[in-house]
1. What does the charge count around residue 80 come to, taking other residues whose C-beta lies under 11 Å from its C-beta (Lys +1, Arg +1, Asp -1, Glu -1)?
2. Using a/c under 1.5 as the rounded threshold, could you call segment 133-248 rounded, prolate or oblate? The axes a ≥ b ≥ c are square roots of the C-alpha gyration tensor eigenvalues, and prolate needs a/b larger than b/c, oblate otherwise.
3. Counting only protein heavy atoms and a 1.4 Å probe, tell me what percentage of the chain's accessible area is made up of carbon and sulfur.
4. Report, in degrees rounded to the nearest 10, the 0 to 90 angle that the Cα long axis of helix 108-118 makes with the longest principal axis of the chain.
5. With an 8 Å Cα cut-off and a minimum separation of 6 or more residues, compute the relative contact order for the chain in percent.
6. Which whole-number percentage describes the relative contact order of segment 351-431, with Cα contacts under 8 Å and a sequence gap of 6 or more?
7. Add +1 for every Lys or Arg and -1 for every Asp or Glu among the other residues with Cβ under 10 Å from the Cβ of residue 58, and state the total.
8. Given the convex hull over the Cα atoms of the chain, what projected area results after averaging over all orientations, in nm²?
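The values are calculated or read from the model by the stated rules, or taken from the named source; none is laboratory data. As the structure is a computational prediction, the values presented were derived from the model and not from experiment. Positions of Cβ are generated from backbone atoms using ideal geometry, with glycine treated the same way; all protein chains shown enter the neighbour counts. For the accessible areas, the whole protein counts, side chains as well, though only heavy atoms, and no ligand, DNA or RNA atoms are used. Shrake-Rupley method; radii C 1.70, N 1.55, O 1.52, S 1.80 Å.
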Amino acid sequence: MFDKEQYSKRIEWYKNARFGMFIHWGIYAIPARGEWVRNQEEISVEDYQQFFDEFNPQDYNPKEWAKICKNAGMKYAVLTAKHHDGFCLFDSKLTDYKSTNTKCGRDLVAEYLAAFREEGIKVGLYYSLLDWHHEDYPHYGDMHHPMRNNVALKDKVHNFDNYLDYMHGQVKELCTNYGQIDIMWFDFSYGDMRAEKWRATELVNMIRSYQPNVIIDNRLEVSGEGFGSLATNNPTVYSGDFVSPEQIIPPNGLLTDAGEPLTWEACITMNNNWGYNAKDTNYKPASTVIKKLVECVSKGGNMLINVGPDANGRIPNQSIAILSEVGNWMKLNHDSIYNCGIATIAKPENGRITRNGNKIYYHILENSIGSVPLYGIKREEVAKIRLLCDGSELKPVESWIVNNYPEIVFVDISSTPYLPDSIDTVVEVTLK
Ligand code: GLC
């Protein structure tokens, strides 16, 4: 039975955090054509082996990653402990296909966890349900496997339960050998590969027995497509704790079937790839990242934005530069993000609104001629109005110019045609 009270308690920190860092990293950083390279180019395990043999990220310094994350204003991070290629960034006893057996010889997960915890960042692990390295994961005819078209493997017999034992065993290792894990991010279900096919009830019960407070995504049931039973009146044991829209911000936010706000997290790439892609320089400007974060919060969701470190273990310079700009904005305006959510005032034409209790945050994205309208509040309910970035007072305008619109509160933000922050100027209204 779904325990709603326990659920609400469990996800409280997560809903308040709003902003996290996704980290896709593995030996696919060497071919540098994204983490699906084996699938897309139908590369065999043997031909992919060169990257395992070569892997030696000399510059891997998770303390630096954690600083970048923290300075951007992010409150949590999720690292790929194992992606679809099956390569493990941790010292699993159940496989040889792991970072400790490469030249680098390090447990990359353990070091990441220590470094991020040290900075006070909540830690998550991504774990792929698909495994293109394991003998007993379906090869020929599977929808995604690199060997899906390899007729020579047509009659190969797979003992899928054997794979499931392995997968459950590795998740148990992650849940028992590494201290408190704040998020487990499974990826993903497809076709009939979903739910009890993963032995999901058993898996989640095991996880929660070791990590009672861990937050789990919804992909034991679905992928980025579909919401799963969390959106229904009757969530399963393995429904997960949040919905995971991918490369999209739900146009109208998300509600459960009962019309209640649904917990969700939009995961978004910073360029057009998750794993490192050397030729992809299509980075979103910091202004976009900031505005999209605000959009997520105004619709009641989180944003998990991705970085794809390279083969040497460095987060690309472009990503670092973008995150540092985002951090500059966050330093001045984070009160309008953390602990904030839907304002229940319709989106105004000049921007977006977020809210934390009696504080309403107007994100002004487009300047007005003259005074700026703050929609949806009554003059008599206002206790004070401040420019969030510097705490300076803004007084409701009294003038014949605005008198025709008594149902709107106006403030004068700038004496020039430009807003103080050209990306997003935040006005904080405290209600009585
Ligand atoms: C996908 C992809 C994947 C990526 C993930 C992030 O489902 O398979 O490579 O890790 O989305 O959400």
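1. Net charge around residue 80: -2.
2. It comes out oblate by the Cα gyration axes.
3. On the way: 8870 of 18470 Å².
Roughly 48 percent of what the probe reaches on the chain is carbon or sulfur.
4. Between the helix axis and the principal axis of the chain, the angle is about 30 degrees.
5. Here the relative contact order equals 16 percent.
6. Relative contact order, segment 351-431: 43 percent.
7. +1
8. For the chain, averaging the hull's shadow over all directions gives 21.8 nm².
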